[in-house]
Structure formats: structure tokens, C-alpha cells
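Following: one structure in C-alpha cells, then a few remarks.
Nothing in this text is a laboratory measurement; each read-out follows from the coordinates by a stated rule. Everything quoted here is computed from the prediction, not taken from an experiment. Every residue, glycine among them, receives a Cβ derived from its backbone with ideal geometry; neighbour counts consider all protein chains shown.
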Number of protein chains: 2
Amino acid sequence: MPEQRVRYAPLREKITTPAEAARHIAHGCNLFISGFTAGYPKLIPAELVKRAEAGEKFKINLFAGASTGDAVDGVLARAGLVNWRRPYMSDRSMREAINRGEILFKDDHLSGLSAAVRAGEWGPVHMAVVEAAAVTEEGHLIPTLSVGNTPSYLAKAEKMILEICDADPPELEGIHDIYMPEDPPFRMPIPIYRAGDRIGKPYIALDPDKVVAVVYSQQADTCAFFSEPEEVALLIAEQLLDFVRHEVRRGRLPKGLPWQSGVGDVANAVLAGFMDDGFFSELSIYSEVLQDTVLDLIDLGKVRAASGAALTLSERARDRFFRELNRYKEKIVLRPVEISNAPEVIARLGVLAVNTALEVDIYGQVNSTHVMGSQMMNGIGGSGDFERNGALSFMVTPSVAKGGAISSIVPMVSHVDHSEHSVDVIITEQGLVDTRPLTPRQVAEAMINNCAHPDYREMLLDYYQRARREAGGHEPHLLGEALSFHQRYLATGDMRPGRGRAQA
Amino acid sequence: MPEQRVRYAPLREKITTPAEAARHIAHGCNLFISGFTAGYPKLIPAELVKRAEAGEKFKINLFAGASTGDAVDGVLARAGLVNWRRPYMSDRSMREAINRGEILFKDDHLSGLSAAVRAGEWGPVHMAVVEAAAVTEEGHLIPTLSVGNTPSYLAKAEKMILEICDADPPELEGIHDIYMPEDPPFRMPIPIYRAGDRIGKPYIALDPDKVVAVVYSQQADTCAFFSEPEEVALLIAEQLLDFVRHEVRRGRLPKGLPWQSGVGDVANAVLAGFMDDGFFSELSIYSEVLQDTVLDLIDLGKVRAASGAALTLSERARDRFFRELNRYKEKIVLRPVEISNAPEVIARLGVLAVNTALEVDIYGQVNSTHVMGSQMMNGIGGSGDFERNGALSFMVTPSVAKGGAISSIVPMVSHVDHSEHSVDVIITEQGLVDTRPLTPRQVAEAMINNCAHPDYREMLLDYYQRARREAGGHEPHLLGEALSFHQRYLATGDMRPGRGRAQA
């Protein structure tokens, strides 16, 4: 019953239907929503689509925490309702519309985004639509499985709609830690000294007078699908853990640094690698998105604390999580993304950062976002926050994609998100390169020998050797050929000469 | 007299000749020196060169704070004595040897470097050679005009040589603020809340037993040469100050944020722009290298505090500075570079960062280091620390170089140091683009119209329009042409078709 979830009486009077609530959203609305892989509103987007299907012509500017599910990004993109979308997304329909230039999109480092919104850089927050597990007796909001940018969106919102979600138990109360840093010029340090430190309140304070509607939802997030890691991911994870063990044993890295790992197969395999490993026992996780494996590690008694901006679980893991919520709540903290990703805290704690690259070049420049230089994949998200500030930062990628037609190691990446200065160790299933003690030329030789797939080593070596001879310099490049692997792929469907379609 | 400068008696017994002192440095030595544009040792490098000229065959690995003068980088590079050099340098002989691949070089974000050395990532610190203005009664070291990485180099040094420099007055004591942060995993915030806060000691503590020699120097740093800013620099500075004024008036930027400005003509022009401007009155400077203009602004009563890792002055300014040292010391703080450039502090204070680009592409990716993709210029230095973490970050560059033969705005930069996500505003003498509210395609149109030189606008627009049509995507690129401006320059000496040498 919605009444039990909304413990602040004046807001119970605002309970209404999604259709009524959605009437507050008109053409040109800057719509800021909760949601950071999980915890996005579902009913209001569906209502907007119904209105579009009934013939109403309107567009909104959609600003979320990061990616959401098909119930937001998918349906709104397909209905043609989105003018602007920021930041990070991973929905196929949304991505396609962005790449066609039909939806305006800009990607931002997630750590700095809330402050930019508070400074007014994103324009007025006409409406915030946020999912909640409950409203407290004082009218404060208990989020569901993500915090993301919701505190700042609500702080700036002119109007708000709350979706009280019955699928998320009210016992989530207490898992969140809501702290909003002050803004320059007068502000203090973020007082986190250990990954699990709680520094804020368990709710998001809001002005109940700005709530124009409360709706009652039974719709759970579309669950993430987690498969068992494939062999390539396991090989990468194994090398990564070996490397860290080795650095700790050499005394160059203290034991017990907290881990961040991006979303995906390899990141999951790294965390899975901790399970039967005695070396990594009292784990701290200071990450952005927490996934299934974190629960497994907690069950094994291996986790000291796990901090993130969201908890994205498969259906099976979610059931388990909800059943034993009180036990998991002792270990898990969900924070605003400006805190989970704060450069200050990441550097202070000395986070070990693991993120996935689309491609890496022989000198260690990393492309995380643009396929073949032009097509946006998902966005940079928080990868820059962690890679740039971690005590040790890893970029991982399988050495080839599309059955070998694409090499992830190329002469020059077709887009750069992370420069050579900001990434320490590159790992593929073939091997790894610790770039820290190497010149760019040494990196190139190691990258070709250790990380590139054997199918591409000769081509890469030929490029590098000729670049050294003909162009010279600190990072020798032949500018006429630097992007030739990509050009060949675009022309023939394969980066390997003679393996793709005949060129026109 | 050296005795008066060395107030700790046991160290006076170690006073010797440079030739004697330099004998402690042998082939394969990891030599860590003071110096960050200023404050580098001069006598010991000269001795090493003498030994090489006398026929001794040896090489050292040379690690400084950042750039030094010809008395270090120039003479050692020309003598062929350098195996490795890290980080940032700006000496012509050193640069040429690096680009020929004869000297191994790796460039690092300056903020993270001291911690990497402390962690042992750079290998053992066999010898530290540091310039000092004095040694205190307790045996502590008073640096000269830079702090740089000296505290960490001395903390890790197996042996040390001190160059007591008579050209720097002992009254420098008190201008330095030496604070060494703890290392992960157990560390606390850096307790700086205002640009001028002093959080450390006025000296660098050292273990006097590790001092193997003290030498007495009368050799001042080679002075920087500062010319009056040219018209292009003034035009850029004027737009930048107008923009900040406008943002403050719109309420999107608080007044009084501290400034960082890189080394060079434009940065100097920005600071000079404050002189007769009533809007900018109580200035805070939280920068890396402080230059002449800072003294001028202090003289005008406009500076609340100026913080940096070094003070690099022209000869005239240095005389003035030394004459009125006590007055300037009230305003100026010299810190370790890991503090002057700390991402945590830069973000907390909300620094306005101004740095110079070599080239910028139509989507806002920035190249700070590699000329035509391959040839190292100086290095990234601290520009990434400030651009990535400042409240607002500017990249400035004249729209053309070499009399118009090179466009600083290109379809795709030939190297990326700062990604589009990390830089806010691009300014040339032609105009500016605030990239924050724009999609990459909107950035491209604005960059071509506002920032590019008229000679190149049509070429750039033609590229962009065809890329949009033929490649599409979020950042449309034609990979076969993306670097064609650079290729034309390399082939003909001019990026403009038909203007350079005939192509072979």
C-alpha cells in the first residue's frame, strides 16, 4: 500500500495516477530523473510515450544519473521525445538516435556533473522525477538501488514527482549515505578515510511543497543479465591479480587498497577471482556500480566494505539481496556519484581502478567511447575519474573483437578518452604492459609483443618500425597510416588485409 | 661565506669542492635533483661535464622537478651523459636528443610523481643533488626559488649533495611551506582551504648523515626572459577575462576563485589584464609557476595570496624581489608540486585554470605535447592536473603558428593530452567556444566559426560537413583525412594547399 510507504501525511494527499502526474511535464521541460543503471522511474516515461502515441507533439531534455533501462531511454528515444540526453547511456535505441544526430548528447566525467548542475550550467531543473522506496515521517526521500545525482537534482528542482516503488523493500532505508559537498570557493574536504565510512544522512532531504505528485509503482528495474565470465575475461583477470600480488610482494604497493571495477565481463571476472584467492582477504571496494559478485564476496566473508553509487543486480541476485537485506546493509554503502567518483577520495584511498577500453594504441592512449572514431558507444562515465586518480589504474580489453576482424591494439586510437599519462597498466588476454617505467617507444614494443593478438603483431611492428625510421620523434607516427587499420575495417569489414570484403 | 649559510656545524665539515663532491656520482647513478624552472643545482652538472670532456665514459639517469636551465639539461644532454630524463623539460638540446631517441624520456602528471618516487616506482634514489639557500641550526634545508619534488627526493635519497647558493639570500627562509602527504592506504585530507594556507614547515627535514658533500655556489639561475605580451596574447587574455566576468555576473561562477596560469605569453597577459581591472581585486593565485606579473600585482595591492611550486623571475624582477623579500613573503607561498598541483586542492578551491595548447581539434580534444604527432615539445607538466580538476578550465592558443602555415584548429589533433571531457573553454585571438553546453557537433561548428583563423575556416567546414554526411556519428570523422592538415604541412611546409613547397 502506498500509504505505508509515504509516512509523511501531506505527501499522501498528493498520490495520484501516472497520467495525472505526467501532465506536469510539457514540451521543452528539462526533466532530471533518478537512475544510475538501477533506480530509474518507469511510470512517468511510459505516460509520456502514451501521450506521444495519442498524437501530442512535444520534446523533453532528459538528464539522468547515468544509464537507465529500456523503460526510460529505450521507449523515450523510440517515441522521438528526447531533444537532449546527458550523461552516459547504454541503450541501443538511444545510442542510434544520438549517432544519427537526432538526439543531442554530451558526455561528462560523472564526478563533476552534480556540481555543474548546482552551478546552473545545465539550465533550470524544471522537473525531477525520482524513484523512491519510501518517504520518511519528516518527508525525506529513501532512494531505491541507486543514488547517482538524485540529491543535487532534487536540491535544484522546481517541481518533483515521486515514484514509490513497491518492488523495492522499505528496509533499504539505511543503505544510502547522502552527503552533498559544498561548492567553491568555500568548502571543506570530503571526510571519507575508509571505503565504508558513512558521512551523511540515510535519506535525501527535499522540500515537500515542491512535490506535485506521488505515484505508486510496482515495476522493478529491468534486471542486468550476468553470464559466467568467458575464458578471455578470466585470462585477463588472472594476470591482473598476479600483477597486483607481485607489486605488493615487491613492496611497491601496500596491501589492502580498495578496488574499483567498471561494468562488464572482465570487471566481474576480476572480482570473481578474489573468491578462491587467499591473498586477497579483507577486501574494500570503492567503486561506482556494484554488481552480483559483490554479494558473493560478502557471503564468503571477504568484504570489509563495498561502496558505490548504485547496485545493479541480476534477478537471482536481487532476490537474495532483498531476502537478506539487513546482513548486506552492514557491508554496502550507496552514495551520490560525486562522492563515489570524487577524485579527492579516490586519490586519498589509493583505489586500484579497472576499466574496459574499446581500443588502445601502441603508445598507450585509450579510446573508451567512440567506435571507429565517430560512433558513440556508451560514454566515458566514471572511467576517467578512477583511471586518472587511482593509485594504480588498469585498462583491460580482449586483444581482438568481431571474431578477429578488429584489433584492440592499433597504431593510433581513433579517439582518445584517457591519455598515456593517466593509465598505468594495459592488459589483454595475451599479456600485459606496465607502462609506468617505460618510454613511449618501449611501450610500443611491449604492447606489440605482449598485448596484441598474434594475427596483428607483424602489421603493428611493421608500422612502428617504419614510423621510427621515417618520422622519428618521441612517439613516432606515420600520419598517413596511423588510422589505416580503421580505414581498412570500414572499407572491408576486417582490419587484416585480404580478409574482408573486396574493397570498392 | 658558506659557514654562515650552513648553521648546523656537522655539515660544515662536509664542505668541499664541486670536483670532490661529484666523485660520488658514478655510471648508472639515479640522480634526483632540485629544480622546477628555478632552483636547480649548477656546479655538480658542470663537474660531470668536465669529467666527460676528460674522457670518462659514464651515463646517469636524471630526474628533476620539472624543467631546468641550460646549466643542467643543456650541458648534460650535449655531453651525452643522460640515459633517462623525467619529467617535463624545455631545453632545446635535451628535447632534440629525446626526439632522436637517444635520451629515454617519460612525461608524467606532476601531481602524482612524488608519490610514485616514494613508492619506489622510479627505482632507488642513489643520489640527490639540491640547491639550498641555507641549512638551519637543526640541519634542515631551506630551498631556493623552487620546491618541486625536492622533499620526496631527499626523503628517499641514499646520499645527498647540497649546493649552497650565495645568489639566493638566506632571508628566503619562511617563504616555503613543506608538507608531505601520507601515502595510501591510510591518509588524511590535505588541509588547504584557501590558496595562501600554510600547513607545513618552512624547511625540508633531512638526515644529515646522508649528506656526503656540501658545496658553495655563487651561480644564479639563468633568468627567464619575459617580453611584453604581443597583440594576439592580449586579445586572448581580454576575451578570457570578459568571459569570467560574464559568468560571475550571470551567477554561474562565484567571485574570488583562485587562478592558475601556465607558463608563457598568454598566461602572462591574462595576469597582466588584472592590473587595470577593477572587477578582479582581491586575487588568489593557486598555480604551479609564479612569474614576474605576480610581483606587479602584489605591488598594486591586488593579491590576497599567491601559491606555487616555484618562482621564475626575469633578472629585473628577481632583483626587485630580493630587495623587498620580506614584503613579498607575506603574500607568496612555495610548496611541493604534489601540493601545488594536488587534484584534491585544485577541485576544493575551484581553481580557474589557464593553459596553452599546441593544437585543438574541432571537437575540443587538445594536444599539449607532440608537434605533428611525433615530436615531443616540453611535456604535459601540470596542465592535466589543473585542466581536469579546475572549476573552469581554459585552453588558449593563437589560431595559427609559423606565420599562418600551421592552423592550431585542426580536424583531428595529432596527439591527445586532454580529452574533450576535461577542458571547458577554448580561446584563440579570433574568439572563444564554451564547450560545456554543446554537443560535439555544435562544438565543431562553433570552433570553426569562432576560433579558427579565417584562412582555414572553409577547409575545416568542408571537412566537417563531409564527415557529417559520409561518416555520421556523434563525432563525425573521415579517418582518411582526419590528419591531412598535418600531412600537408609535413610534405610542403604549409597546411594550406598550394601555399607551401611543391609536393614531391
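Filter the trypsin sites (Lys or Arg not before Pro) in segment A:400-504 to those in DSSP coil with at most 16 other Cβ atoms within 10 Å of their Cβ, and list the result. Sites meeting the loop and neighbour criteria: A:ARG499, A:ARG501.
Please give the helix A:43-53 orientation as an angle from the longest Cα principal axis of chain A, in degrees from 0 to 90, rounded to the nearest 10. Tilt of helix A:43-53: around 90 degrees. What does the C-alpha gyration tensor say about the overall shape of segment B:457-504? Classify as rounded when a/c is under 1.5, otherwise prolate if a/b is larger than b/c, or oblate. It is prolate, given that a/c is not under 1.5 and a/b is the larger ratio.
Note down the relative contact order for segment B:219-361 as a percent, whole number, built from C-alpha pairs under 8 angstrom at least six residues apart. Could the numbers behind the result be given before it?
On the way: 200 pairs, mean separation 38.7, N = 143.
For segment B:219-361, the relative contact order is 27 percent.
Quick check: net charge around B:PRO258, other residues with Cβ under 11 Å of its Cβ, Lys/Arg +1 and Asp/Glu -1?
Combined, the nearby Lys, Arg, Asp and Glu give +2.
Directionally averaged projected area (chain B, Cα convex hull): 24.5 nm². Distance between the modelled labels on B:HIS246 and A:GLU182, one decimal in nanometres: 3.1 nm (7 Å Cα→Cβ projection).
Within a straight-line Cα-Cα reach of under 14 Å, A:LYS50 can be paired with the following aspartates and glutamates, leaving aside sequence neighbours fewer than 8 residues apart in one chain: A:GLU20. Return the whole-Å distance between the Cα centroid of segment A:275-342 and the Cα centroid of segment A:226-260. Between the Cα centres of segment A:275-342 and segment A:226-260 lies a distance of 18 Å.
Each of B:SER314, A:SER287 has some number of other Cβ atoms within 10 Å of its Cβ, and from fewest to most they run B:SER314, A:SER287. Under the criterion of Cα pairs below 8 Å and six or more residues apart, the relative contact order for chain A equals 13 percent. Secondary structure note: in chain A, about 25% of the DSSP beta bridges are antiparallel.
Using modelled amide H (1.01 Å from N, peptide plane; none on Pro or chain starts), what sits under 5 Å from the amide H of A:VAL129, excluding residues fewer than 5 places away? The list, which skips near neighbours in sequence, is A:PHE32, A:ILE33, A:SER34, A:ILE161. By the count of neighbouring beta-carbon atoms within 10 Å, fewest first, B:GLU173, B:GLU231 end up ordered B:GLU231, B:GLU173. When you restrict to C-alpha pairs under 8 Å that are six or more residues apart and normalise by the size of segment B:1-117, the relative contact order lands at 20 percent.
Karplus-derived 3J(HN,Hα) values for segment B:83-98, using 6.51 cos²θ - 1.76 cosθ + 1.60 with θ = phi - 60°, are 8, 10, 9, 9, x, 2, 9, 9, 8, 5, 5, 4, 4, 5, 5, 5 Hz; glycine and proline are entered as x. In a reduced charge model with +1 at each Lys and Arg Cβ and -1 at each Asp and Glu Cβ, segment B:55-202 shows a dipole moment near 660 debye about its Cα centre. Only one residue of A:ALA237, A:VAL351, A:TYR203 has its Cα farthest out toward the positive end of the dipole of the protein assembly as shown, where Lys and Arg carry +1 and Asp and Glu -1 on Cβ, and that residue is A:ALA237. Dipole magnitude for chain B: about 580 debye, using +1 per Lys or Arg Cβ and -1 per Asp or Glu Cβ, origin at the Cα centre. Rounded, prolate or oblate: which fits segment B:1-115, taking a ≥ b ≥ c as square roots of the Cα gyration tensor eigenvalues, rounded meaning a/c under 1.5, else prolate when a/b beats b/c? Oblate, since a/c reaches 1.5 and b/c is not below a/b. Bridgeable lysines around A:LYS329 (alpha carbons under 23 Å apart, same-chain partners fewer than 8 residues away excluded): A:LYS201, A:LYS302. Here the convex hull built on the C-alpha positions of segment B:346-463 has a volume of 87 cubic angstrom per residue.
Counting only Cβ charges, +1 for Lys and Arg and -1 for Asp and Glu, the dipole size of segment A:192-241 around its Cα centre is about 460 debye. Couplings 3J(HN,Hα) of segment A:250-267, computed from phi: 6, x, 8, 9, x, 6, x, 5, x, 10, 10, 9, x, 7, x, 4, 5, 4 Hz, in residue order, whole Hz [Karplus 6.51 cos²θ - 1.76 cosθ + 1.60, θ = phi - 60°; x for Gly and Pro]. The per residue volume of the convex hull around the alpha-carbon atoms of segment A:316-375 is 179 Å³.
To the nearest ten degrees, helix B:231-249 and the longest principal axis of the Cα atoms of chain B are 80 degrees apart.
Within the same chain, lysines fewer than 8 places from A:LYS106 are excluded, and of the rest, those with a Cα less than 26 Å from its Cα are A:LYS42, A:LYS57, A:LYS59, A:LYS156, A:LYS159.
The angle between the Cα long axis of helix B:454-470 and the main principal axis of chain B comes to about 70°, on a 0 to 90 degree scale.
Cut-off is 10 Å between beta-carbons; in what order do A:HIS370, B:HIS477, B:HIS246 appear when sorted fewest neighbours first?
In increasing order of surrounding Cβ atoms, one gets B:HIS246, A:HIS370, B:HIS477.
What is the Cα centroid distance between segment A:388-417 and segment A:468-496, reported in whole angstrom? Spelled out, the Cα-based centre of one part sits 16 Å from the other.
Of all DSSP bridge pairs formed entirely within the protein assembly as shown, close to 25 percent run antiparallel.
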